[in-house]
Amino acid sequence: MNRRRFLESSTALLSAGALGAHAATGLKPAAKPGGKYRLIATEEAFSIPEQADEFRRIAKIAYSNPDLEMWRGFLDPAPNAPPLLRRLLDLEGERIQIMDQAGVDMHLLSLTSPGVQMFDTETATSLAMIANDRLAEVIQKHPKRFAGLASFAPQDPKRAAREIDRAMNQLKLNGLIVNSHTNAEYLDEGKYWPIFEAAVATNAAIYIHPRNMPDPCSFMTRAAVNLAGALWGFQMETGLHAMRLIVSGVFDQFPTLKIVLGHMGEGLPFWPYRIDYMYKAYTHGHPNLKKTPSEYLKENFVITTSGMNDHKVLKYCVDALGPDNVIFAIDYPYQDMVESANFVNTSPLPEADNEKIAHGTSERLFHIRPADVS
Ligand code: MN
């Protein structure tokens, strides 16, 4: 696929709906947040100039990769494209104004995909530290509006583990983000387990956020079709990562490890019967697990509503996984804040469940101070 075609399809798809009704218009004066529930949004992307500069540097290389094409689109947007990079780099201006308009109390911020995972080890390791320092600074300035997930560079698992310890214990960040695979490798491989050891030791949940698949198969991008990005490929790839963790026995080794998946669980809540059945019925060469795959899904995973403002699916997921395992997320600036806030405020579920979805579970999972505690 040529670059222009890719950009037209992937950037447009990724950013479809990002702006919504309030986007192109001037912003109204900030109102006080005052939605029905305290809303903590948990998959909210930001960038820092240093991350953008690194992508600018590698964007000049004659190399094509779907994540790099996505960033080429951010750096060199089409005339009518949404201002994604501007919104990613902004924390204290337009973002807080839109939060106020939407009644969103807090963003749990994370460095936007693919984070530091396309860079060489040294660059990735130091960039993660810079991003975490920056996050801690803005949280300190706005403790009621921001919390943050720490980045780390899986390229060097031992240093990643040290950064996790620093981010959780010194910077007091709220959990961890990883943008799925790193150089086509997944975290179930033993060499990455120092990351899980550090996450468990610091009680840090790991949000596995999508990125493009390492090598989109030709059948995903053939002819006029591009399914490799957020339209379909992201959820396949991130769901694959989660399944690798389950089936490889990671949760028998780390029974208290908590993994967070966006987009209502990347499809997995739909599959427990078939996965359990096939796991028991046939030998696939996997280790013998202590539990069924679906038990790990219920016990070790929390899912978020990012980019899935659909009450039917919300009801189903709360029924399938329990009301303590589904939490609110928007996916700003790729999704619309006002629509996402309304989605929770109009949820048909019982009030007690909505309180958990809106803020209760994320306060517990991400060590966020409840609103009524000063
Ligand atoms: Mn996202």
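The values are calculated or read from the model by the stated rules, or taken from the named source; none is laboratory data. The model shown is predicted, which means the values in this text are computed figures rather than measured ones. Please note: Cβ atoms are built from the backbone with ideal geometry, for glycine as well, and neighbour counts cover all protein chains shown. In case anyone asks, the SASA skips ligands and DNA or RNA and just uses the protein heavy atoms, side chains included. Shrake-Rupley method; radii C 1.70, N 1.55, O 1.52, S 1.80 Å.
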| request: Say whether the condition of being within 16 Å of the ligand (Cβ to nearest atom), within 19 Å of LEU268 (Cβ to Cβ) and within 18 Å of the chain's Cα centre (by Cα) is met by at least one residue in the range 211-229. | output: yes
| query | Listed residues SER126, SER180; which is under 19 Å from the mean Cα position of the chain (by Cα) and closer than 22 Å to GLU54 by Cβ? | reply | SER180
| field | Residue in the range 113-122 that is under 25 Å from ALA358 (Cα atoms) and within 16 Å of the ligand (Cβ to nearest atom) present | value | yes
| said: Please go through (1) among the charged types (D, E, K, R); (2) at pLDDT 95 or above; (3) away from the ligand (no atom under 14 Å from the Cβ) for ARG4 and return the number of the only condition it doesn't satisfy. | reply: (2)
| remark: A careful count of residues in the range 75-101 that are in a helix (DSSP H, G or I), in contact with a helix residue (DSSP H, G or I) (Cβ under 9 Å, 6 or more places away or on another chain) and open to solvent by 10 Å² or more (accessible area, probe 1.4 Å) gives 6
| Residue check, ASN226 against (1) at pLDDT 95 or above; (2) assigned to a loop (DSSP other than H, G, I, E, B); (3) among the polar types (S, T, N, Q), all met but one. Which one? | (1)
| Which of the following residues is surrounded by fewer than 24 Cβ atoms within 10 Å (Cβ to Cβ), in contact with a strand residue (DSSP E or B) (Cβ under 7 Å, 6 or more places away or on another chain) and of a type in the set (A, V, I, L, M, F, W, C): ALA136, ALA199, ALA205? | ALA205
| request: Report whether or not ASP324 is touching a Pro at 6+ places or on another chain (Cβ under 6 Å) and over 20 Å from ILE98 (Cβ atoms). | output: no
| request: Provide a single number: the residues in the range 321-365 that are within 16 Å of the ligand (Cβ to nearest atom) and surrounded by 22 or more Cβ atoms within 10 Å (Cβ to Cβ). | output: 13
| field | So PRO287, is it open to solvent by 30 Å² or more (accessible area, probe 1.4 Å), touching a Gly at 6+ places or on another chain (Cβ under 6 Å) and closer than 22 Å to MET243 by Cβ | value | yes
| remark: Residue pairs within 6 Å by beta carbon, gap of at least six or interchain, first lying in the range 262-283 and open to solvent by 100 Å² or more (accessible area, probe 1.4 Å), second away from the ligand (no atom under 16 Å from the Cβ), listed first then second, are none
| message | Given the condition among the small types (Gly, Ala, Ser) and out of contact with any Asp or Glu (no Cβ under 7 Å at 6 or more places or on another chain), answer yes or no: does some residue in the range 248-260 qualify? | response | yes
| query | Cβ-Cβ below 6 Å, separation at least six or inter-chain, first residue in the range 311-335 and touching a residue at least 24 places away in the same chain (Cβ under 8 Å), second among the charged types (D, E, K, R) and within 16 Å of the ligand (Cβ to nearest atom): which pairs? | reply | ALA329/GLU43; ASP331/GLU43; TYR332/GLU44; PRO333/ARG87
| task | May I ask you to list the residues in the range 42-71 that are surrounded by 15 or more Cβ atoms within 10 Å (Cβ to Cβ), assigned to a helix (DSSP H, G or I), more than 16 Å from the ligand (Cβ to nearest atom) and not acidic (Asp, Glu)? | result | ALA52, PHE55, ARG56, ILE58, ALA59, LEU68
| task | May I ask you to list the residues in the range 227-239 that are under 18 Å from LEU257 (Cβ atoms) and free of Cβ contacts under 8 Å to residues at least 12 places away in the same chain? | result | none
| Top-ranked residue in the range 102-112 [being open to solvent by less than 30 Å² (accessible area, probe 1.4 Å) and not small (Gly, Ala, Ser); ranked as nearest to the ligand (Cβ to nearest atom)] | THR112
